[in-house]
Structure formats: C-alpha cells, structure tokens
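Read the figures in this text as sums done on the coordinates, not as results from a lab. No experiment lies behind these values; they were computed from the predicted model shown. Cβ coordinates were reconstructed from backbone atoms using ideal geometry, including for glycine residues, and neighbour counts include every protein chain displayed.
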C-alpha cells in the first residue's frame, strides 16, 4: 500500500471488480441464452476469482486506511463511526437485495454491480485524494482546494 499509493490500489481494484462482475454477468447471460454452455462454468469461476482478488488488494482494506488518514484529529471518532455505519448499512442492503435481484435477472445483477464499479472508478479519480506520504495538513489543504 505504501509502495504504490492508495488511489492506484483503489483504481486497480475497482477496475478488477468491474471485470470480475462483468465476466460473471456474461456467464449468466450466456447460460440464459443457451450459448457456449461449455464455457459458462469457467467464465463464472474466473469472474468470481478476479473479483475476490481485486477486492482483496484495494476495495477491501484501502478505504479504512484512507479514512484513518483523511479525517482531522477532532473528527476521527465521529467520522470513523459514521463511515462504519454507512459501510455496514450498505453491506446489509446489498446482501439483503442480492437474492431478489438474482431472481429478477441473474446477468443483470452482475451488470449492475459492474456499473457500480465503473462509478467507483470515476469517484476515486475525481474525489479521493492520494494520502501516501502526506501529512494531515497537506491532505486537508488538498481537500479544501477542491471546493
């Protein structure tokens, strides 16, 4: 994380989660259409493995590190608590709705998740500051200069 930087890891990770979800969505689409059925299991497994690997290198651990570096000392407790609450609520919503979405459209579910990963790439590129090797004051200045 210290070698490559937080933003790079987030961008690579979001790109990988996009690819993983997209491959899994394609596998469900091909299965529903009855096309290339011999490739469907391999494609689904590949998509899931790409997603797991990509999530593990960036989207899983990096937001927690960035959160600890981005909040000022007097806001760390409140900001960290709020971010954790939003994270858990989002995880609950995704876990709860996944079954319903899969019954509605299996391929579409993963295409929606891949779209969310694309939006994440744009979000990181535009709004997330690089915190590697920077002091809290430098990070705060870069956040304030974006306004």
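Structure data summary
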| item | result |
| --- | --- |
| Residue exposure sequence - 30, 9, 45 - by fewest surrounding Cβ within 10 Å | 45, 30, 9 |
| Fluctuation leader among 93, 116, 44 - the chain, Gaussian network, Cα springs under 10 angstrom | 93 |
| Förster-model FRET efficiency, 22 Å R0, residue 105 and residue 125, C-beta, rounded to 0.05 | 0.15 |
| The chain: calculated mean residue ellipticity at 222 nm from DSSP helix runs of at least 4, using -39500 (n - 2.57) | -26000 deg cm²/dmol |
| Exposure proxy ranking, count of Cβ atoms within 10 Å, fewest first, for 31, 76 | 76, 31 |
| Candidates 86, 66, 50, ranked by Gaussian network fluctuation over the chain, Cα under 10 Å, top entry | 86 |
| Mean-position separation - Cα centroids, segment 6-30 and segment 72-147, in angstrom | 16 |
| Max mean-square fluctuation residue, GNM over the chain, Cα-Cα springs under 10 Å, options 43, 85, 122 | 85 |
| Simple label model, 7 Å out from Cα along Cβ direction - residue 56 to residue 33, nm | 3.2 |
| Inter-label distance for residue 91 and residue 49, nm, one decimal - labels placed 7 Å from Cα along Cα-to-Cβ | 2.6 |
| 17 Å tail of the calculated P(r), segment 6-135, as % of Cα pairs | 65 |
| Cα-based helix-to-principal-axis angle, 76-104 vs the chain, degrees rounded to 10 | 10 |
